1. So Val4 ticks every box in (1) closer than 20 Å to Ala64 by Cα; (2) touching a Ser or Thr at 6+ places or on another chain (Cβ under 8 Å) but one. Which box is left unticked?
2. Kindly indicate whether Arg19 is touching a helix residue (DSSP H, G or I) at 6+ places or on another chain (Cβ under 9 Å) and of a type in the set (D, E, K, R).
3. Could you list, in sequence order, all residues of region 31-60 that are of a type outside the set (S, T, N, Q) and in a strand (DSSP E or B)?
4. Considering (1) more than 17 Å from Ala64 (Cβ to Cβ); (2) modelled with pLDDT of 95 or more; (3) in contact with a Phe, Trp or Tyr (Cβ under 9 Å, 6 or more places away or on another chain), say which one Ser28 fails and leave the rest.
5. Would you confirm, using the coordinates I've provided, whether Ala12 is crowded, with 17+ Cβ neighbours inside 10 Å and either modelled with pLDDT under 95 or in a strand (DSSP E or B) (or both)?
6. If I go through region 33-49 residue by residue, how many of them are farther than 16 Å from Ser63 by Cα and surrounded by 13 or more Cβ atoms within 10 Å (Cβ to Cβ)?
7. I'd like to check something: does region 65-83 contain any residue that is surrounded by 13 or more Cβ atoms within 10 Å (Cβ to Cβ), assigned to a strand (DSSP E or B) and either touching a Gly at 6+ places or on another chain (Cβ under 8 Å) or modelled with pLDDT of 90 or more (or both)?
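The values are calculated or read from the model by the stated rules, or taken from the named source; none is laboratory data. Everything quoted here is computed from the prediction, not taken from an experiment. Please note: Cβ atoms are built from the backbone with ideal geometry, for glycine as well, and neighbour counts cover all protein chains shown.
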Amino acid sequence: MDAVYIQAKRYAPEIKVSRPAIQQFIGSLTGEGASKGVFVTTSDFSAEAKGYLARVQRIRPVSARFQVFSACQFQGMSSSMRLIL
């Protein structure tokens, strides 16, 4: 069974989630032995973060532009979930 972690950031629309924030989350996943994660934000992701996410492919980004339901379609979402805030 895969462990899927979720990180949520409540940012103002003009503040974007950065690549370092994604890298820190991946470090947490690795430290906890989780194979997948969902990063949710009320804002959006920077261009650098989006490029990095496209290469990593173990994190599902969810921004205010998308319905949270779309995150539930992420592979392995039926697995046990833990929340990292």
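1. Condition not satisfied by Val4: (1).
2. yes
3. Selection gives Lys36, Gly37, Val38, Phe39, Val40, Asp44, Phe45, Ile59, Arg60.
4. For Ser28, the failing item is (2).
5. no
6. Going through region 33-49 one residue at a time, the tally reaches 3.
7. No - not one qualifying residue is present in region 65-83.
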